[in-house]
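Reviewing the structure listed below.
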């Protein structure tokens, strides 16, 4: 157990060092939230501070978090393979899924940094007032959200390692996610038949929870059912993660077809 | 002229040739369509009951920015990386001619993307072209694309000497979107950003297209398009000059890695 | 007890051929291989490309499951008991890969120490020792991408030793190195063997195999063709080589030489100053006078007799058969 924790911390640190030496990652983490916060600020500029925080800040924050996670989880296993490091970490006594957990946590920490950057842009550059009706519930929602992001990234990285076709799809998944989860608008604007899809994505819940705790909760039962929904989808991601990595571990070695090695 | 066409065709093939059909559909059709849906939903939410036609048009036109910046940037860059740049430089052909030929096909490619954006607008967001002067509207797409390619060439030439090319192209792409006024009125921009946005081609073509779609004063639209076309050409020449300068620098002091 | 036990090992790969009518095709990378390696031994695995060497190493290092047969290292099954096994072995694949180029040498080793559960107390000293051993102490904090090929390969060796493995697998460790670099690497391998580590290596350099390996297995097309010490392999060839430099090569010379008793093979190579004959034979001392007699009109420049080398053995066993 202790060696697992150490391996997670170590992989996390390594991942951050590695990522930060990559220019694309710097863009995703630093520049992209700044420019997109500015752009969306102008789109929403006639609105109230509350709308600015709820849509410009939260929208930019969640989309940059998503980008940093999907961008890295889509590419990490590939990059390791390209460098020839995959087989080395795969055959280490620490389980592959534990190592990947550390790596994804590294990306997540950088993703949190870009969330803060977008907050800074909205608050400092444009002087929007950041007031929270329910600071504690907001913190809890964000914490749960971040955990959920970790597992969605892990599940995706496993899925991508297994299937080449998903890797191609991954390049075009950003906009559908931004649309479905309602990053910059409430999902009520979506047609009825599409809306159920939104509820398999944890960002949908995270955004709803955060917006409620910013503007004040009128209906606690909605709030708590969102929390439950978030926990439920996260559990699904967790299961997917464990399952995919099991498949990778056994199938990769048996069939040698998964290109893991 | 035939050679001009052939050269542009070849450079286009080299660009698309590496993609398999699945990737092509995904990158050239599905992704732009989704981007269009996304931004249109945003403006529809923000502008509520107002007519969002101007913003739909703006976003459809901006789909090309992506295309132009990346296509031209990558084209010049891959020439450099594969060593074919040296061959072109060393060849006796008029370089401006070669340069323009290679870029021009991208104009048609980019226009195609804009049309996809418009189709999304028509199908999902009640964009209506009945009674619109279509030839003139098509012309506004062409002038916008000339502008887009012009920006692409300036940025692409600069990208030649920048080691972190993707970072650069992405930032450029986002900044152009910000300045274009695709999703909000450029009047909202602070003075210095507004001035910058005036210097960018495409913006006027977008305005012209809005006038044409609103069946407004066509002569003012034509004027805007003319200005945009001229600015676009100036950009192309600047791009070419930069390209030549970096090439010269690279040969003379062998410091810049333009090859 | 043997450290490595391989019994009737098989490994197939399934590939699909064709675009429209996809047909499954099975490739037998390893058909039937058995061998054992004892404690402290340096064991060489030789064979042409595609012979099954890398598949064998991948199975033994827990990266690949066998299709059939048994593969055990340190008594653990390589597929199924890898949890226990992975801590006690390590491997080094030749070339410059398998390192994080954007990190320093120290960071690389530190990371792999953590992945191999090396206790914090030991870690610092071990990294320092390893860097010292491979001569990279003064470059410890430089990024790997600034290293030369040889330095990267030496760092690889250090990486492969972070867990002080009992068994070490090396896949073409000296590939692409200059002579001095290769020598340094060979010295390190010898030193490790002297410390009691069991080493299995593959190589394409016969001299290297001859110098390093206690025993050598030659495999081809997934099967074991020969297995013995280098000395025994050469002895078993029961053959020596006579090399003759000539000015003139007549049409019937080769034919005449082949007809001599005890001569097994004759080949000729021409170069700009004359010709070189290679005569494989038994009992060379008796044959030399006969050969010089036969070649009396060919203007002999020199005659040299030598024992068969490992390369002769290898070429004889694999033959011209490197189609795989």
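Where a number appears in this text, it was derived from the coordinates with a stated rule and is not lab data. All values reported here derive from a predicted model rather than from experimental measurement. Backbone-built Cβ (ideal geometry, glycine too); neighbour counts: all protein chains shown.
Some notes on this structure:
- Net length gained if the chain between residue A:116 and residue A:46 were fully extended (0.36 nm per residue, minus Cα distance): 22.9 nm
- Only helical runs count toward this figure. For chain A, summing -39,500 (n - 2.57) over DSSP H runs of n ≥ 4 and dividing by all residues gives -24000 deg cm²/dmol at 222 nm.
- Separation of the residue B:126 and residue B:162 label points, Cα + 7 Å toward Cβ, nm: 4.1
- Centre separation in Å (Cα based) which lies between region C:258-324 and region A:223-241: 77
- Take each residue in A:36-43, count the other chain C-beta atoms within 10 Å of its C-beta, and the mean is 6.
- Peptides C:244-251, C:64-71, A:219-226 ranked from most to least packed by the mean count of surrounding Cβ atoms within 10 Å: C:64-71, C:244-251, A:219-226.
- In chain C, the DSSP beta bridges split such that about 70 percent are antiparallel, to the nearest 5.
- Rounded to the nearest 10 degrees, the inclination of helix A:58-83 to the longest alpha-carbon principal axis of chain A is 10 degrees.
- Whether region B:127-259 is rounded, prolate or oblate, judged on the alpha carbon gyration tensor where a/c under 1.5 counts as rounded: prolate
- The stretch between residue C:265 and residue C:15, if pulled fully straight at 0.36 nm per residue, gains 86.0 nm over its current Cα-Cα span.
- Take C:268-274, C:106-112, B:147-153 and order them by the average number of nearby Cβ atoms within 10 Å per residue, most first; the result is B:147-153, C:106-112, C:268-274.
- Scattering curve values for region C:240-307, log₁₀ I(q)/I(0), Debye with Cα scatterers, q = 0.17, 0.25 Å⁻¹: -0.50, -1.16
- Sorted into 5 angstrom bins from 0, the C-alpha pair distances of region A:2-255 split as 1, 6, 13, 17, 19, 16, 12, 8, 5, 2, 1, 0 percent.
- Distance cut-off 24 Å, percentage of C-alpha pairs in region C:1-116 lying past it: 40
- Computed from label points 7 Å out along Cα-Cβ, the spacing between residue B:241 and residue B:136 is 3.4 nm.
- Its residue count N sets the reference 2.2 N^0.38 Å, and the alpha-carbon radius of gyration of chain C equals 1.21 times that reference.
- Separation in nanometres of the label points that stand 7 Å from Cα toward Cβ, at residue C:249 and residue C:137: 5.5
- In terms of surrounding Cβ atoms within a 10 Å radius of their Cβ, A:211, A:2, A:246 rank from fewest to most as A:2, A:246, A:211.
- The protein assembly as shown - share of DSSP beta bridges that are antiparallel (%, nearest 5): 70
- Of C:297, C:166, C:195, the one that fluctuates the most in a GNM where chain C has Cα springs shorter than 10 Å: C:297
- Mean residue ellipticity at 222 nm, helices only, chain C: -9500 deg cm²/dmol; runs of at least 4 DSSP H residues each add -39,500 (n - 2.57), and the sum is divided by the number of residues.
- Span from the region C:171-238 Cα centroid across to the region A:18-88 one, whole angstrom: 50
- 0 to 90° range, to nearest 10: angle between helix A:32-43 axis and chain A longest Cα axis: 30
- Per-residue mean of foreign Cβ neighbours for A:175-182 is 4 (Cβ atoms of other chains, 10 Å radius).
- Principal-axis analysis of the Cα atoms of chain C puts helix C:284-294 at an angle of about 50° to the longest axis.
- Long-range Cα-Cα pairs in the protein assembly as shown (distance over 40 Å), rounded percent: 53
- Note on C:103-111: average number of Cβ atoms from other chains within 10 Å of each residue's Cβ is 3.
- Highest to lowest packing among C:225-238, B:175-188, scored as the average C-beta count within 10 Å: B:175-188, C:225-238
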